[in-house]
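Reading through the structure tokens given below for one structure.
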Ligand code: HEM
């Protein structure tokens, strides 16, 4: 028998368009996984631009990545979280299905908020003086690490939700 969760989602996915990665995921989840991996690599390449002192290109790259990610979170991830996870939290947090998604959503929220803050503080004059950044490097490195942890937890959520490991 496939692990619970996987079978429920697989059933649900039947009514949606089938994905293209050969798992039980709908096409929208497969697309989101691919886009998020590309975005994560984009963030790493953006960090390389900063090391090469190409600061203008770096700023454009990282701001675009943060904004695009914000759109994906708003359009796909928050609605999915509200529908499938939130109603079962905290009661079912002892199940990996909900625990992974909740840990992912928490770290993902912190990473996106951190990314928006750094983009606003470093690239604009919109924030009041006391909220401006004094240590860019520490902030940018922390957001990069947090982001990749959120991405890995997103991957773990995808595997738990859509991949049957014990067939
Ligand atoms: C830096 C921020 C984030 C990254 C890199 C990220 C990445 C990912 C990835 C790679 C997946 C797997 C694709 C999928 O299953 O559709 C995923 C799924 C998911 N994420 Fe995120 N995510 C982030 C932020 C968030 C936030 C803020 C929330 C909720 C408030 C969230 C909730 C979810 C949920 C519920 C899923 C499962 C979606 C589904 O398949 O229906 N994520 N995320």
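Laboratory data are not the source of any read-out in this text; all were calculated from the coordinates shown. Not measured: the values here are computed from a predicted model. Glycine gets a Cβ as well: all are built from the backbone with ideal geometry, and neighbour counts include every protein chain shown.
Odds and ends about this structure:
- Against the chain, whose longest principal axis is taken from its Cα atoms, helix 27-51 shows a tilt of about 20°.
- Per residue of the chain, the DSSP helices (runs of n ≥ 4 H) give a summed -39500 (n - 2.57) that works out to -22500 deg cm²/dmol at 222 nm.
- Residue-span extension gain [residue 59 to residue 38] - 0.36 nm each, minus C-alpha spacing: 5.8 nm
- Peptides 136-144, 86-94, ordered by how many other C-beta atoms sit within 10 Å of their residues on average, highest first, read 136-144, 86-94.
- Highest-fluctuation residue, 100, 155, 133 considered, GNM on the chain with Cα pairs under 10 Å: 133
- Value of Rg to Rh for region 99-151 (Rh from inverse mean 1/r over Cα pairs, i.e. Kirkwood): 1.06
- Dimensionless Rg ratio for region 8-166, taking C-alpha atoms and the 2.2 N^0.38 Å reference: 1.15
- In whole angstrom, region 59-136 maps to an equivalent ellipsoid with semi-axes of 31, 14, 10, each derived as √(5λ) from the alpha carbon gyration tensor and ordered largest first.
- Simple spin-label estimate for residue 136 and residue 103 in nanometres, 7 Å along Cα-Cβ: 3.4 nm
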